[in-house]
Each structure stands twice: as structure tokens, then as C-alpha cells.
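Read the structure below first, then the notes.
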Amino acid sequence: MPATPVLSMRNIAKAFGKFYALKGVDLTVWPGEIHALMGENGAGKSTLMKILAGAYTATSGEILIDGKPHAIKGPKDALAAGITLIYQEMQLAPNLTVAENIFLGSELARGGMVQRKEMQSQAQAVIDRLGAQFKASDRVMKLTIAEQQQVEIARALHRNSRILVMDEPTARPLLA
């Protein structure tokens, strides 16, 4: 096992006014590990994930990525640290293709022109890495819920995310 965890959250607290949603939470993740947070509604699972993804700022505590402290003050900080949160509600544009969704906000361009063929090729390479059965040219609205979730994962891989956080990934019907 490597000497340094990929993620350490130490003594994390989050207060909303006088109410503490989290207090004294520790989480350590080593490379290659998969963790599941379980608990009743209101237990703080989503709050912890949103702190990691930069949607919330911790009231106190420390976050280390590869042993180095990281101040995650917003989603850009989380992305820069290699963290992606896939929310329970899909963040996809259904009328766009899979490739366009994967590159949304980071389109490849040269001379002011979007490089669609290159985007298509790179997107298909990520899809193939996942072993998915759809194509980069498919419209997201034509995909099953499970395939749409794979598009979200493909987008995270395209962004070189090292830590992938999924909020209630089994809450949606996967065979829809």
C-alpha cells in the first residue's frame, strides 16, 4: 500500500447557523479503494460530499490530497485537485451528443473553430475505456439512465479526475 492516502479529511465540521450537520468527521481513502457512506436521511452524507466537491465550505477541519493540504473553497478548487462529484440529479444536456456532454465547457478549438472530429475521437476513447456500449455520436436523450450515468463518469475521466464521488448512484432506476 502506498505511504500516502489519496484523500484525507480530518476533523471536518459543517455548521448551518447553530446546527452542526457534521462534527469531527474523518475519512481516509487510499489509491484504488472504493468507499460507501451509509446512513439515514439527514446523517450528513451529502454534506460531506458537497464539502469535498466545493459546493459547501467546511466550518472547520482539514482536507489533504496526496498528503498536501487543499483549501477547497469552490467547485473549481475541487476540479483542480482532481475531484469530481456526480450528483444524484444528472448534469447532462439531453439534446447534445455524448461527446458534446463530455466536453461541455472545455470544447477543443483551433482558430476559433470547435474541433468536433477530435472531440468525437477523444470522447470515444474514454467511452471505450469504460467498456460502454454507446457511441460518442449518440444523443444523450436516447440513452438509458445507466448509460447516462456512464456519460457522467466518462466526463470525470476526461477531466483526469482522481477522486470520483457519486451521490446516491443507485437511487435512479438503472434499467429505464
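The values are calculated or read from the model by the stated rules, or taken from the named source; none is laboratory data. Fair warning: this is a prediction, and the values are worked out from it, not measured in the lab. Note that each Cβ is placed from the backbone with ideal geometry, even for glycine, and that neighbours are counted across all protein chains shown.
Each row is one residue, and each column tells you yes or no for (1) loosely packed, with under 14 Cβ neighbours inside 10 Å; (2) over 17 Å from Glu168 (Cβ atoms); (3) in contact with a strand residue (DSSP E or B) (Cβ under 6 Å, 6 or more places away or on another chain); (4) at pLDDT below 90.
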position: Phe16; (1), (2), (3), (4): yes, yes, no, no
position: Phe19; (1), (2), (3), (4): yes, yes, no, no
position: Thr28; (1), (2), (3), (4): yes, yes, yes, no
position: Ser60; (1), (2), (3), (4): yes, yes, yes, no
position: Ile63; (1), (2), (3), (4): no, yes, yes, no
position: Lys68; (1), (2), (3), (4): yes, yes, no, no
position: Asp77; (1), (2), (3), (4): no, yes, no, no
position: Ile86; (1), (2), (3), (4): no, no, yes, yes
position: Ala109; (1), (2), (3), (4): yes, yes, no, yes
query = Do we find that Arg139 is touching a residue at least 24 places away in the same chain (Cβ under 8 Å) and over 20 Å from Ser8 (Cα atoms) in this structure?
reply = yes
key: Residue tally, condition at pLDDT 95 or above and either over 23 Å from Glu168 (Cα atoms) or surrounded by 14 or more Cβ atoms within 10 Å (Cβ to Cβ) (or both), over the stretch 129-142   = 7
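Given the structure, is His35 free of Cβ contacts under 8 Å to residues at least 40 places away in the same chain, outside the structural domain of Met166 (by the TED database), in contact with an Asp or Glu (Cβ under 9 Å, 6 or more places away or on another chain) and within 30 Å of Ala123 (Cβ to Cβ)? Outline the logic, then answer.
Numbers: free of Cβ contacts under 8 Å to residues at least 40 places away in the same chain: yes; outside the structural domain of Met166 (by the TED database): yes; in contact with an Asp or Glu (Cβ under 9 Å, 6 or more places away or on another chain): no; within 30 Å of Ala123 (Cβ to Cβ): yes.
So His35 fails the test.
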Residue match in the stretch 90-102 (condition: more than 26 Å from Val126 (Cβ to Cβ) and not charged (D, E, K, R)) = no
query = Among the candidates Gly39, Gly67, Gly54, Gly61, which residue alone is within 26 Å of Glu89 (Cβ to Cβ) and over 18 Å from the mean Cα position of the chain (by Cα)?
reply = Gly39
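Hey, could you check the stretch 37-58 for residues that are of a type in the set (Gly, Ala, Ser) and assigned to a loop (DSSP other than H, G, I, E, B) and say which is surrounded by the most Cβ atoms within 10 Å (Cβ to Cβ)? I'd like the intermediate steps shown before the answer.
Just the residues of the stretch 37-58 that are of a type in the set (Gly, Ala, Ser), to begin with: 39, 42-44, 46, 53-55, 58.
When the remaining residues are screened for being assigned to a loop (DSSP other than H, G, I, E, B), the result is 39, 42-44, 54-55, 58.
Numbers: Gly39: 8, Gly42: 9, Ala43: 13, Gly44: 18, Gly54: 20, Ala55: 16, Ala58: 23.
Among those that are of a type in the set (Gly, Ala, Ser) and assigned to a loop (DSSP other than H, G, I, E, B), it is Ala58.
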inquiry  = For the list (1) polar (S, T, N, Q); (2) closer than 30 Å to Phe16 by Cβ; (3) over 16 Å from the mean Cα position of the chain (by Cα); (4) exposed (fewer than 14 other Cβ atoms within 10 Å of the Cβ), I need the number of the one condition that Ser121 fails.
reply    = (2)
inquiry  = Condition first: loosely packed, with under 15 Cβ neighbours inside 10 Å and not in a strand (DSSP E or B). Now tell me which residues in the stretch 1-14 satisfy that.
reply    = Met1, Pro2, Ala3, Thr4
